[in-house]
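K.L.:
There's a structure below that I have some questions on.
The values are calculated or read from the model by the stated rules, or taken from the named source; none is laboratory data. These numbers were taken from a predicted model, which means no experiment stands behind them. Every residue, glycine as well, gets a Cβ built from its backbone with ideal geometry; the counts of neighbours run over all protein chains shown. The protein model used for the area step is the full one, side chains on, heavy atoms only, and it has no ligands, DNA or RNA in it. Shrake-Rupley method; radii C 1.70, N 1.55, O 1.52, S 1.80 Å.
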Amino acid sequence: MTDDRPKNPMEKQDVTNTVLDSPGSLTHGHVIARNTVWNMIGLGAPLLVALFAIPLLIRGMGTDRFGVLTLAWAVIGYFSLFDLGLGRALTKLVAEKLGTGQTEDLPRLIWTALMIMGMFGIIGALVAAALSPWLVHGVLKIPRALQDETLKSFYLIALSVPVVIVTIGLRGVLEAHQRFDLANKVRIPFGVLTFLCPLFILPFSNSLFPIVGMLVAGSFAACGVFLIVCLHLVPELRHSIRPKRSMIKPLISFGSWMTVTNIVGPLMTYMDRFLIGALISVTAVAYYATPYEVVTKFWLIPSALVGVLFPAFSTALAQDRQRAGRLFGRGINYTFLALFPLTLLVVALAHEGLSVWLGREFADNSTFVLKWLAAGVFINGIARVPFALVQGAGRPDLTAKMHLIELPIYLSALWWLIGVYGIQGVAIVWVVRVCVDNLVLFVMARRLLPVTSALIRSSLVRIVAAAGVFAAAGCLTGLLEKGLFLIAVLVCFPVVTWVWLLDKEDRDLLKRFFQLRYGKGVREP
């Protein structure tokens, strides 16, 4: 008896939604562009809402409570990494099976990964709950009046950890099927609610407990929606809800080194604000975390791109290493082009922007931090391209070892500079760390790719040149001179881009694009 159903639930859809099962289609520019746009929308929508919501939250909750809320967001972000790299491993293994047509074991692979991730999530929840009293009463300088509601909020966050981790796995299933559109259609509303839920609660209470409770309820709802979408995309999941022991080893094998990166990397990312809270105050946390949360949203651009480049690198490195080199070069160039103007505007107009957005007092305390962090986000954004290459090459051990080596050095420098320069010192040491990361990742990329040393050198020269422009913009004081400087740089930037950054193929593509859109030539069928 034959089965007339398509083996792949996507094969009756148009080419833009087809599962990509060949190296050429997986690395095709159209597919990468489409999925990158979906990722940018999914990551960018919450940013737009945050710009509106954060000033209202600060005024409605008070600086201290808002500082604690940023710590709550950090706890959710860190303990969600108890997936131990299994989310990334699941995405890679599902994509490989789809590409080779070996889909009969997909349901058992997916359920095996989700069940393991759920168990690790329960462990993470227990650890978070056990650490909460120590963090609230012993480590963080939380005002006594806020300690009780903070502790209850941390317990709620612990409850959500398993759900958040399982959600990562479910989203990975969609991305492995190249359904970034579905993944982001679910991500967008729940990402927006992360900032809107606290605003809905404020008219009734400014207590942290109901605010965090709404966020936790949203995480449960998001998990349920992702599960429903996955069951629709892979109907076989409804009929084979059984793990398979033989699939545990490949999942753990790929995820083991990524576990180190997933734990140590975010530890360095979030430890700064916890040390600020412990050594200075939660008010200082707000002065540091607010510009950090805003400017790091620029990462949505490289994150959207590298999320798509990860499977493209994996395929190209196995089938066409020269193609991988071209993808790498374009990834660097496009990230540079997207981030440079944004970073320049933030560095030049940091004080004016913060004054309008959050008031003069906030601007006086956070301007220096915002300038440094903006430059660091630019450098780290570019570094995400070689990072994706290393991961796509199946060498997560390299990045894990890099993080293990730099962790004690970074924490020591952080502790020292907090005592000397306060939150300004935190920003400085963070930027120095991402610069070192960038350099090391480029060295790794050089060894993994058949790219010329000239490509690596030219990329580093561009970064240094951009840093010099940012430094000059940061030293300007008058609004008039800032405006003239920005006009001069932004007028010259397209010319420099055309002559220096884009290669002949890029320029030809742009020429054809404008001819098709605005020229009088006949479109090709």
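K.L.:
Please work out if PRO266 is open to solvent by 30 Å² or more (accessible area, probe 1.4 Å) and more than 18 Å from LEU156 (Cβ to Cβ).
P.N.:
no
K.L.:
(1) on the phi > 0 side of the Ramachandran plot; (2) without any contact (Cβ under 8 Å) to a residue 24 or more places away in the chain: which one isn't true of GLY422, the others all being true?
P.N.:
Single failed check for GLY422: (2).
K.L.:
Okay, moving on. For a quick check of your reading of the model, give me the residue pairs whose first member lies in region 470-481 and is more than 9 Å from ALA348 (Cα to Cα) and in contact (Cβ under 8 Å) with a residue 40 or more places away in the chain, whose second is open to solvent by less than 60 Å² (accessible area, probe 1.4 Å) and aliphatic (A, V, I, L, M), with beta-carbon atoms closer than 7 Å and at least 6 apart or on different chains.
P.N.:
none
K.L.:
Where residues in region 145-162 are under 26 Å from the mean Cα position of the chain (by Cα) and open to solvent by 10 Å² or more (accessible area, probe 1.4 Å), which of them is nearest to GLY277 (Cα to Cα)?
P.N.:
Going residue by residue through region 145-162, those that are under 26 Å from the mean Cα position of the chain (by Cα) are 153-162.
Cutting the leftovers down to open to solvent by 10 Å² or more (accessible area, probe 1.4 Å) gives us 155-156, 159, 162.
Values: TYR155: 19, LEU156: 21, LEU159: 24, PRO162: 27 Å.
Within region 145-162, the match that is nearest to GLY277 (Cα to Cα) is TYR155.
K.L.:
Continuing with this model, one more query. Residue under question is TRP372, and the condition is that it be within 17 Å of the chain's Cα centre (by Cα) and either in contact (Cβ under 8 Å) with a residue 40 or more places away in the chain or more than 30 Å from VAL139 (Cα to Cα) (or both); does it hold?
P.N.:
no
K.L.:
Right, here's the next one. How about region 163-209: which of its residues are open to solvent by 30 Å² or more (accessible area, probe 1.4 Å) and assigned to a loop (DSSP other than H, G, I, E, B)?
P.N.:
Those that are open to solvent by 30 Å² or more (accessible area, probe 1.4 Å) and assigned to a loop (DSSP other than H, G, I, E, B): LEU202, PRO203, PHE204, SER205, ASN206.
K.L.:
If you scan region 435-469, which residues turn out to be free of Cβ contacts under 8 Å to residues at least 60 places away in the same chain and small (Gly, Ala, Ser)? Give the steps one after another, and end with the answer.
P.N.:
Applying the first criterion (free of Cβ contacts under 8 Å to residues at least 60 places away in the same chain) to region 435-469 yields 435-444, 446-447, 452-454, 456-458, 460-461, 464-465, 468.
Within region 435-469, SER453, ALA454, SER458, ALA465, GLY468 meet the criteria.
K.L.:
State whether one or more residues within region 177-188 are under 30 Å from MET271 (Cα atoms) and at pLDDT below 85.
P.N.:
So far as region 177-188 goes, no, none of its residues is under 30 Å from MET271 (Cα atoms) and at pLDDT below 85.
K.L.:
Okay, next question. Only one residue in ILE142, ILE110 is open to solvent by less than 50 Å² (accessible area, probe 1.4 Å) and outside any helix (DSSP H, G or I). Which one?
P.N.:
ILE142
K.L.:
Among the residues of region 376-385, which ones are among the aliphatic types (A, V, I, L, M) and either outside any helix (DSSP H, G or I) or touching an Asp or Glu at 6+ places or on another chain (Cβ under 9 Å) (or both)?
P.N.:
Within region 376-385, the first condition is being among the aliphatic types (A, V, I, L, M), and the residues that meet it are 377, 379, 382-383, 385.
Within region 376-385, ILE379, ALA383 qualify.
K.L.:
Right, SER205: modelled with pLDDT under 85 and of a type in the set (Gly, Ala, Ser) or not?
P.N.:
yes
K.L.:
Now a separate question. Restricting to region 475-506, count the residues that are of a type outside the set (A, V, I, L, M), modelled with pLDDT under 90 and open to solvent by less than 60 Å² (accessible area, probe 1.4 Å).
P.N.:
Residues flagged as of a type outside the set (A, V, I, L, M), modelled with pLDDT under 90 and open to solvent by less than 60 Å² (accessible area, probe 1.4 Å) within region 475-506 amount to 4.
K.L.:
Please find, within region 346-356, the residue that is farthest from GLU481 (Cα to Cα) out of those that are in contact with a helix residue (DSSP H, G or I) (Cβ under 8 Å, 6 or more places away or on another chain) and surrounded by fewer than 17 Cβ atoms within 10 Å (Cβ to Cβ).
P.N.:
Here the residue is SER355.
K.L.:
Being under 22 Å from LEU300 (Cβ atoms) and either at pLDDT 90 or above or open to solvent by less than 50 Å² (accessible area, probe 1.4 Å) (or both) is true for just one of PHE368, PHE340. Which residue is that?
P.N.:
PHE340
K.L.:
Is it true that VAL225 is of a type in the set (Val, Ile, Thr), within 30 Å of ASP397 (Cβ to Cβ) and in contact with a helix residue (DSSP H, G or I) (Cβ under 6 Å, 6 or more places away or on another chain)?
P.N.:
Spelling it out, it is not the case that VAL225 is of a type in the set (Val, Ile, Thr), within 30 Å of ASP397 (Cβ to Cβ) and in contact with a helix residue (DSSP H, G or I) (Cβ under 6 Å, 6 or more places away or on another chain).
K.L.:
Within 30 Å of ARG59 (Cα to Cα), assigned to a helix (DSSP H, G or I) and in contact with a helix residue (DSSP H, G or I) (Cβ under 9 Å, 6 or more places away or on another chain), is that true of VAL212?
P.N.:
yes
K.L.:
Of all residues in region 391-430 being among the β-branched types (Val, Ile, Thr) and surrounded by fewer than 21 Cβ atoms within 10 Å (Cβ to Cβ), which is farthest from THR343 (Cα to Cα)?
P.N.:
ILE405
K.L.:
Determine whether VAL229 is at pLDDT 85 or above, touching a Leu at 6+ places or on another chain (Cβ under 7 Å), open to solvent by less than 20 Å² (accessible area, probe 1.4 Å) and more than 22 Å from GLY85 (Cβ to Cβ).
P.N.:
For VAL229, the condition - at pLDDT 85 or above, touching a Leu at 6+ places or on another chain (Cβ under 7 Å), open to solvent by less than 20 Å² (accessible area, probe 1.4 Å) and more than 22 Å from GLY85 (Cβ to Cβ) - is not met.
K.L.:
If you don't mind, another one. Could you identify the single residue in ALA388, ALA466, ALA471, ALA454 that is open to solvent by 30 Å² or more (accessible area, probe 1.4 Å), touching a helix residue (DSSP H, G or I) at 6+ places or on another chain (Cβ under 9 Å), over 21 Å from MET271 (Cβ atoms) and part of a helix (DSSP H, G or I)?
P.N.:
Selected residue: ALA471, the only one of ALA388, ALA466, ALA471, ALA454 that is open to solvent by 30 Å² or more (accessible area, probe 1.4 Å), touching a helix residue (DSSP H, G or I) at 6+ places or on another chain (Cβ under 9 Å), over 21 Å from MET271 (Cβ atoms) and part of a helix (DSSP H, G or I).
K.L.:
Considering only region 433-451, state which residues are in a helix (DSSP H, G or I) and among the aliphatic types (A, V, I, L, M).
P.N.:
The first filter runs over region 433-451 and keeps only residues in a helix (DSSP H, G or I), leaving 433-448.
VAL434, VAL436, LEU439, VAL440, LEU441, VAL443, MET444, ALA445, LEU448, listed by residue number.
K.L.:
Can you find a residue in region 288-307 that is of a type outside the set (Gly, Ala, Ser), open to solvent by 40 Å² or more (accessible area, probe 1.4 Å) and over 30 Å from LEU414 (Cα atoms)?
P.N.:
no
K.L.:
Okay, moving on. Quick one: is LEU237 open to solvent by less than 20 Å² (accessible area, probe 1.4 Å), under 20 Å from LEU109 (Cβ atoms) and touching a Phe, Trp or Tyr at 6+ places or on another chain (Cβ under 8 Å)? It would help to see each step written out before you state the result.
P.N.:
On the way: open to solvent by less than 20 Å² (accessible area, probe 1.4 Å): yes; under 20 Å from LEU109 (Cβ atoms): yes; touching a Phe, Trp or Tyr at 6+ places or on another chain (Cβ under 8 Å): yes.
Taking the combined requirement at face value, the residue satisfies it.
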